[in-house]
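The values are calculated or read from the model by the stated rules, or taken from the named source; none is laboratory data. This one's a predicted model, so the numbers in the text were calculated from it and none came from an experiment. FYI the Cβ positions are ideal-geometry reconstructions off the backbone, even for glycines, and counts take in every protein chain you see. In case anyone asks, the SASA skips ligands and DNA or RNA and just uses the protein heavy atoms, side chains included. Shrake-Rupley method; radii C 1.70, N 1.55, O 1.52, S 1.80 Å.
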Amino acid sequence: MSTTTSTASPAYWEPLWAEGRRYRQPCEAEEQLMAEHLGPGKGRPALDIGTGDGRLARHLHHELGYRATGVDCSPSAVALAAVHDSDAVPAPLWQCLDFATGDLSTLPDAAYALITCRLVYRWMDDKAGFLDRVRSLLAPGGVFWVVTEVEGRRKATEQALHGLGIPPADAELLTTGWSVVRIADLDVLRCYALRP
């Protein structure tokens, strides 16, 4: 009998980051969408879930003015994020945390004006539980910013990548229960700005 490693677990992600795997970075168009939908941070706390090498958390911190914390379940990813930002003062905070199952009380803030989740939602096994954890940390009036692929956006020639998109049921779960849902498309990605 074989066991499958959860795609939401450190056991899945740590070897990929440790071997040097890197993932799609935000482009200028995506950063422009963030500026439009998120606005200036004004020193308010932001949490970047699945921060990876920290590129998005650094953008939130240095360009948009949030006080960013980046969390990832992979120790190698967190170490890479910290190395990239070693000269910046003040730098975002970096923390190794499995957001899906870890102790959220270890986070530096009890609530966040902004929570981001870029190319992470698709990998969550328990998406409803994940969303409940996000809602428990989102400050009143805050924004949950999600960037993910959706099914059907890839060309037929990109067959191997078709599984990266979320199906309509996962998109519906993501957008249900928010008072404001803003959606913007960006090539194969869809960006969601969700407010309680």
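Go through 135-144, 93-102 and give me the packing order, highest mean Cβ count within 10 Å leading.
Top of the packing list down: 93-102, 135-144.
What do you get for Rg/Rh of segment 63-102 when both radii come from the Cα atoms and Rh is the Kirkwood radius?
1.00
Accessible area of the chain with a 1.4 Å probe: how many percent of it is carbon plus sulfur? Display every interim value, and only then the final one.
On the way: 5170 of 9470 Å².
The computed percentage sits at 55.
Could you provide, to the nearest whole Å², the per residue accessible area of segment 43-122 with probe 1.4 Å?
In whole numbers, segment 43-122 has 38 Å² accessible per residue.
Could you work out [θ]222 nm for the chain from helices alone, using -39500 (n - 2.57) per DSSP H run of at least four and dividing by all its residues? Round to the nearest 500 deg cm²/dmol. Before the final figure, lay out each step's value.
Details: 6 runs with 53 residues, N = 196.
That comes out to -7500 deg cm²/dmol.
What is the magnitude of the charge dipole of the chain about its Cα centre, with +1 placed on the Cβ of each Lys and Arg, -1 on the Cβ of each Asp and Glu, and no other charges, expressed in debye to the nearest 20?
So the magnitude is around 320 debye.
Of SER74, ALA91, HIS37, which is farthest on the positive side of the dipole of the chain, counting Cα position, with +1 on Lys and Arg Cβ, -1 on Asp and Glu Cβ, and the Cα centre as origin?
Of the candidates, HIS37 comes out farthest on the positive side.
Using the scaling law 2.2 N^0.38 Å as the reference, what is the normalised Cα Rg of segment 33-139?
Dividing the Cα Rg of segment 33-139 by 2.2 N^0.38 Å gives 0.99.
Calculate, axis by axis, the spread of Cα positions in the chain along the three principal axes, and write the results as whole Å, longest axis first.
45, 37, 31
From the convex hull of the Cα coordinates of segment 13-60, what is the mean projected area in square nanometres?
Projected over every direction and averaged, the Cα hull of segment 13-60 covers 3.9 nm².
Sort 113-125, 28-40 by packing, meaning the average of other beta carbons within 10 Å per residue, with the highest value first.
Per-residue Cβ counts within 10 Å, averaged per peptide and sorted highest first, yield 113-125, 28-40.
Could you order ASP170, ASP126 so the one with the most accessible surface comes first? Probe is 1.4 Å.
In descending accessible area the options line up as ASP126, ASP170.
Subtracting the Cα-Cα distance from 0.36 nm times the residue separation, let me have the gained length for ASP187 to SER6 in nm, one decimal.
62.4 nm
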